[in-house]
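Notes follow the structure.
A short reminder: the numbers here are calculations on the coordinates, not readings from a lab. Keep in mind it's a predicted model, so treat the numbers as computed, not measured. Please note: Cβ atoms are built from the backbone with ideal geometry, for glycine as well, and neighbour counts cover all protein chains shown.
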Amino acid sequence: MSRAPRVVLDTNIALSALVFAQRRLGALRDAWQSARCRPLLSQATAAELVRTLAYPKFRLSAEAQQELLADYLPYCSIVPMPARPPRTPPCRDPFDVPFMQLAVAGKADFLVTGDRDLLALAGEFSCPIIVADKFLSVLTQV
């Protein structure tokens, strides 16, 4: 791949890279900050990230939430969704559908997730659906 891969990161993956940057997915944060990948966002997926960062279990102040978003949003490409969202395979979890629609509309090279419902659709979806460790290994080959 001659350009940085366009990637949809599900909320849990993006959160892990942001909130737990010292752990294994911190390498993903480094990858988007050094332009080795280009995360894609839609209005729906950005709203879910903002909402999830505010969960009490993370114990993040409003200022800390804003700092984390500032470490992510500027590196993302915003994908406007068409009036008729792209068709995707049926998914058991309706909250996963916006990520698949974003992958199609944004012409993503990968959808990165740990979600079993999404991973189960890997063979039926036009974009490769892979786990974070596999994506990180792809990045080492780019």
For the stretch 57-67, take each phi angle, set θ = phi - 60°, evaluate the Karplus expression 6.51 cos²θ - 1.76 cosθ + 1.60, and give the result in whole Hz per residue in order, putting x for glycine and proline.
4, 7, 6, 9, 5, 4, 5, 5, 4, 5, 5
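At a 10 angstrom cut-off on C-beta neighbours, averaged per residue, how do the peptides 120-130, 52-62, 31-41 rank from highest to lowest?
Working: 120-130: 15.9, 52-62: 11.5, 31-41: 18.7.
Per-residue mean Cβ counts within 10 Å order the peptides as 31-41, 120-130, 52-62.
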Place a point 7 Å from Cα of GLN141 in the direction of its Cβ. Which residues in the stretch 1-39 have their backbone N less than 12 Å from it?
1
Kindly write out, for the stretch 37-46 in residue order, the coupling ³J(HN,Hα) from the Karplus curve 6.51 cos²θ - 1.76 cosθ + 1.60 (θ = phi - 60°), rounded to whole Hz, with x marking Gly and Pro.
8, 10, x, 10, 9, 10, 4, 5, 6, 5
Only residues of the stretch 115-142 count here: report those whose backbone N is under 13 Å from the spot 7 Å along Cα→Cβ of ARG36, or say none.
133-142
Counting DSSP beta bridges with both ends in the chain, the antiparallel % (nearest 5)
0
If amide H atoms are built 1.01 Å from N in the plane of the peptide, which residues on other chains or at least 5 residues away come under 5 Å of the amide H of LEU9?
LEU40, VAL112
Whose amide H sits under 5 Å from the amide H of ILE129, counting only residues 5 or more places off or on another chain, with H placed in the peptide plane?
LEU111
Given H placed 1.01 Å from N in the peptide plane, which residues other than close sequence neighbours of ASP115 have an amide H under 5 Å from its amide H?
none
